[in-house]
1. Would you kindly derive the ³J(HN,Hα) couplings of region A:246-261 from the backbone phi angles with the Karplus curve 6.51 cos²θ - 1.76 cosθ + 1.60 (θ = phi - 60°), listing them in order in whole Hz, with x for Gly and Pro?
2. Accessible area per residue, 1.4 Å probe, Å², for chain B: what's the number?
3. Please compute the per residue accessible area over region A:390-472 with all protein chains in place, 1.4 Å probe, rounded to a whole number of Å².
4. What whole number of Å gives the distance from the Cα centroid of region A:479-518 to the Cα centroid of region A:180-233?
5. Would you mind calculating the gained length between residue A:410 and residue A:128 on full extension (0.36 nm times residue separation, minus the Cα-Cα distance), in nm to one decimal?
6. Could you check the spin-label model distance between residue A:457 and residue B:145? Points 7 Å from the Cα along Cα→Cβ, value in nm.
7. Between region A:377-435 and region A:11-70, how far is it from one alpha carbon centroid to the other, in angstrom?
8. How large a share of the accessible area of region A:64-107, in percent, is made up of carbon and sulfur atoms when the probe is 1.4 Å and the other protein chains stay in place?
Amino acid sequence: MLDFALQGLYQVFLPGHFLLLVIGVVMGIIFGALPGLTATMGLALLVPFTFTMSPAAGLIMLAGIYVGAMYGDAIPAILINTPGTPAAIATTFDGFPLSQKGMAQHGLVAAAVASAFGSLMANIVLVLAAPPLAIVSLKFGPPEYFWLGIFGLTIISTLSTGSVIKGFLAGSVGMLLSAVGMAEIGGDIRLTFGFPELQGGIELIVALIGFFCLPEILSSVIGKRRAAYTEKPVKPSLSVIWEVIKSLLRKPGLMLRSAGIGTVVGFAPGAGGNIASMVSYNEAVRWDKNPEEFGKGTIKGVAASEAANSAMAPGSLIPLLTLGIPGSPPAAVILGALMLHGMRPGAELFSTYANVTFSFMMGLLVAAFLVTTIGCLGSVVFSRIINIPSRYLAPAIIFMTVLGSYSIRNNMLDVWIMFVFGVIGYVSSKLKFHPAPIVLGLILGPFVEEGLVQSMLAGQAAGSTFNYLIFRPISGVLICLCVLALLWPIYAKWRSRQKQEIVTCKMSIEKTEGQNEK
Amino acid sequence: MKSRTQVDPKKPWNSDYIIGILTLIISAVVYFSTRELSRLGGVFVDYVLIASAVLSLLILLKGFVKPEHIKFFDSVIERNNVTTGICILLVYLIILPVVGFLPSSYAFYFCFNLYLTDDRFSIKNILFSALLTSVVVTAFYFIFNGLLEVPLPTSMWSE
């Protein structure tokens, strides 16, 4: 295997192939950074061009696009609170507050380093353990997906800064929104209110743009007439890069855990980068010594989200390369590219086509390093974008939100939905009914529904839906995690109250001792 | 005397009431619109409806016991700014499919840029806005339509 890996590395560093990889990474970053354009779209657009290339060259370029896009989506998430793709939703939670504090460059560097780290770790797993992990991925059935979705929903207790009930209510509204369109199983047309365009459901990226981007512009730029998009101007410098890298190196637990979550979610077919990043963010908050720092702008939050969503990309290739099951939409496009070159997933890829397969895997690995370099150096330029006066930047951002929403399905209704969600997002933020759980419900709704309905059908055939849903090994672990996740905030609150009481006690003892000494 | 820029501080809104009532209305609309679904198509909606109805009632109850009061706008100026901003965007979206992408976008960018400028009616600012509008909108048009070949909204008169 090492021979193939070295051979693959040699292929990647051939001048022509390396140039294609660099072009791929840059194009991927652009596709990821523009709201409305996704990694899937970028890959699909460029697959036909790879037809005339050798299989290794074509796949190396696609590897660059995939890895680049997984980082690129963090740029608008951090700078303007608009995730470039749904996978960057959790990046906004801390990325944008960092920008507001004049630390956009910190966020961008953290995203680049964490993306590269996540991608690197998942690639190592892909190279070393793809076949055995693929077998584990087949153990994920409908009940496991259902519980994974429910586990994802427990992040609401973390996201709810005020009332947890409001958070879960927002989540349920999001899940009702996710029911719009054709039912995944059953085929019923639901809640379209006479609009045939809604049969495909509400596009996630449209909801993200509406709920995250527009309210911010309405509130700070238009409402408060803030001269710049951020409260403090960004002063980028090269020293920040090393400072952030050092800071992240001191958190190996956070980075490894996030990359691990991304890889596991990736190799479970169907779960995407958005779930990976949210679960990872939730765990980062739960395990951190200072959870109160999250949501207010910390590089730990950005790193947790980005390491996971970037690790998801190579993770999703594990079932693809070994079993032919694409773990994510971009992986499905890569499957198409493989077929285009006459390669079939499975054992053949690791024997007959091992050279090409390992070139592709090494392409993913080297692309991770390229992302770090481009991302870190580019952060000096990217972070200056938000120093542009808001009277120039805001109309351009609104313009992009309209273009982005329209380009998803070439449909004006999506633009209207984005606008309505934007106004609702603005109003709900004012009512302290944060829209993040609504989006979370919208993302996880279809996932939970599919798992639930399929489990019901399979459970009835097996004799008991309840037994089928609960008494399975992976389900059991996920149920325990759900319970733990729901009880954790209560425990954390109790612990912080205990700490506060101890501090108060100590202070009063010191005060009494001081008075006695006097 | 009350300043024009200040909203009456005596009238804070009970956000729990507003959220509770609105989500109950949403739940009711969804309930009555999904009564004819098949069992497989409706089971998820029914479970979520139960959850949202219970949570809405809990929020309403919280509104009685421990209400959360909010002030919607800090000032009348802020309220007017937001309303005007929404109106400009609304007009843009209405005229977009009627007159096409380029004319409507030129008009929107120019108006919005001027609206956000302090001294909006000086000749210098108007000329600068016009120049900026033509550069930005044209650049976006060529990147999306020319380079990436993303279809943009069209009308029967222009593109």
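1. Result, ordered by residue: 4, 4, 6, 5, 7, 10, x, x, 4, 5, 5, 4, 5, 5, x, 4 Hz.
2. Numbers: 9190 Å² over 159 residues.
Counting only protein heavy atoms, the per-residue value for chain B is 58 Å².
3. Numbers: 2630 Å² over 83 residues.
Here the residues of region A:390-472 average 32 Å² of exposed surface.
4. So the separation of the two Cα centres works out to 41 Å.
5. Result for the pair: 97.3 nm of gain on full extension.
6. 4.5 nm
7. 27 Å
8. Details: 340 of 460 Å².
Carbon and sulfur: 75 percent of the exposed surface of region A:64-107.
The values are calculated or read from the model by the stated rules, or taken from the named source; none is laboratory data. These figures come from a predicted structure and were not determined experimentally. For neighbour counting, all protein chains shown are included, and Cβ atoms are generated from backbone atoms with ideal geometry for every residue, glycine included. Ligands, DNA and RNA are stripped out before the accessible areas are found, and what is left, the full protein with its side chains, is counted by its heavy atoms. Shrake-Rupley method; radii C 1.70, N 1.55, O 1.52, S 1.80 Å.
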